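Novice: Questions regarding the structure given below will be posed in turn.
The values are calculated or read from the model by the stated rules, or taken from the named source; none is laboratory data. Remember, it's a predicted structure, so these values are computed and weren't measured experimentally. Positions of Cβ are backbone-derived with ideal geometry, glycine not excepted, and every protein chain shown enters the neighbour counts. Quick note on the areas: whole protein, heavy atoms, side chains included, nothing else; ligands and nucleic acids left out. Shrake-Rupley method; radii C 1.70, N 1.55, O 1.52, S 1.80 Å.
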Amino acid sequence: MTNTISPEALAKLAPHYIRSIAAYQPGKPISDVARELGMRETDIVKLASNENPLGASPKAIAAIHTALGDLAMYPDGGGFALKAAISKKYAVSPEQVILGNGSNDILELAARTFMRAGDSAVYSQHAFAVYPLATQAVGAHGIEVAAKNFGNDLDAMLAAIRADTKMIFLANPNNPTGTFIPGPALCAFVKKVPQNVLVVLDEAYGEYLKDSDAYDSAPWLAEFPNIVVSHTLSKAYGLAGLRMGFGLAHPQLIDLMNRVRQPFNVNHLAMVAAVAALGDDAFIAESRRVNDAGLSLLKIEFAKRDLETIPAFGNFITFKVESTKRVFEALLRQGVIVRPIAGYGLPDYLRVTIGTEAQNRRFLAALDIARAQEK
Ligand SMILES: *Cc1c(COP(=O)(O)O)cnc(C)c1O
């Protein structure tokens, strides 16, 4: 007999908290814009996903070439070589490292390992979209704390912790606002968090901090066993397409997350590339130099145009315009993709990734045309 159950009835197999998830909205891909507007892909500049405008570390690319012969084999599910490289770089033991298919994977592993339906997680207004998504996917309740000056309000976040709170998510610098909390203030906050609540500290943009702001959270792990620090190779290392991230935490937490992790969650090329990229200090130095120069340029140029910006510490800057919809679309028609962030509670702002100098100048010229069309 043919099965006659309706798709609507089948959908009810999924719990209500899954059915009510609003899917992640990624930056608009170059290929979409090319197709929709009849443009050549090479004429489009994407400044929408905080990718590295210099591309990937050349050492990572070379390492991938040498590893292409290994593709028939399963990757090393234990990630021995990469964990050794990470433990050396961050002065932690390999047992304190977990590898992820992007740092997104680490955030989700933390949520799936430590939270269940009925628990709660605390995060800020304007926080990274993955925090509410990972929380909702396990049926936990998200407690969104009002932002202070667009950033994490640490005192309010502490006050929001309830008996059922299992974790706090916090990105530093924060995305999409770009705000930053100095290391000592963050460490003082971690000290005040109840010991049975995990602090998931997302350092996706840590490599971009100026020397005067940079801090090392790895030593905190020894003092506070309730931290999970997530890192990514998608941003400064220029490997977003490979999906590579990692987490640092107490060995016991890592052991639990490893039980939930897919056995081969990270692919071989990503691991090989990551080992090479983590050792490519020259590439990171150049990426930081280009980013510092671009961020300075954009800050000056936004100020000249009387456009309000949010203090930026990563590889992007968020600015206010008269009409985000019209400016976003006018930029698109000129082949410049930026990121609307209405979904993050910032309907009057657009976020632009720092590009090369040529890309930044092209963005500014396109912005002037877009705003002139407004008048
Ligand atoms: C981009 C970004 C990441 C990185 O995600 P991946 O899965 O590693 O690509 C993580 N956290 C924040 C806040 C980000 O903006």
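Novice: Restrict the search to segment 66-168; then list the trypsin sites (Lys or Arg not before Pro) that DSSP places in a loop and that have at most 15 other Cβ atoms within 10 Å of their Cβ.
Specialist: Qualifying residues, ordered by number: 116, 162.
Novice: Turning to a different aspect of this structure: Can you give the Rg and Dmax of segment 210-333 based on its C-alpha atoms, in angstrom?
Specialist: 19.1, 53
Novice: Restricting attention to segment 1-68, which trypsin sites (Lys or Arg not before Pro) occupy a DSSP loop and are surrounded by at most 13 other Cβ atoms within 10 Å?
Specialist: 12, 40
Novice: Which loop trypsin sites (Lys or Arg not before Pro) in segment 171-243, with loop taken from DSSP, have no more than 13 other Cβ atoms within 10 angstrom of their Cβ?
Specialist: 210
Novice: Can you give me the long-range amide H partners of residue 102? Hydrogens built in the peptide plane at 1.01 Å from N, cutoff under 5 Å, separation of 5 or more residues or another chain.
Specialist: Sorted by chain and number, the residues that satisfy this are 244, 245.
Novice: In straight Cα distance, which aspartates and glutamates are under 16 Å from residue 46, not counting same-chain residues fewer than 8 positions off?
Specialist: 32, 36, 329, 357
Novice: Oh, and also: Consider all pairwise Cα distances in the chain and report the whole-number % of them above 32 Å.
Specialist: Details: 25040 of 70125 pairs.
Cα-Cα pairs of the chain separated by over 32 Å account for 36 percent.
Novice: OK, next. Please calculate the 1.4 Å probe accessible area of residue 308, with all protein chains present, and give it to the nearest 10 Å².
Specialist: Looks like 90 Å² after rounding.
Novice: Can you give me the Rg/Rh ratio for segment 46-134, using Cα atoms for both radii and the Kirkwood formula for Rh?
Specialist: That ratio is 1.03, to two decimals.
Novice: Leaving out ligands, DNA and RNA, what percent of the accessible area of the chain is carbon and sulfur, probe 1.4 Å?
Specialist: Carbon-and-sulfur percentage of accessible area, whole number: 56.
Novice: While we're on this one: Rounded to whole Å, give me the distance from the Cα center of segment 17-46 to that of segment 61-77.
Specialist: 30
Novice: Moving on to the next point. With a 1.4 Å probe and all protein chains kept in place, how much accessible area does residue 73 have, in Å² rounded to the nearest 10?
Specialist: 140
Novice: Arranged from highest to lowest average of other beta-carbon atoms within 10 Å per residue, in what order do the peptides 126-134, 182-190 appear?
Specialist: Top to bottom by mean Cβ count within 10 Å: 126-134, 182-190.
Novice: Filter the cross-link list 191/299; 83/191; 83/235 down to pairs whose alpha-carbon distance in this structure exceeds 30 Å.
Specialist: Where the Cα-Cα span goes over 30 Å, the pairs concerned are 191/299.
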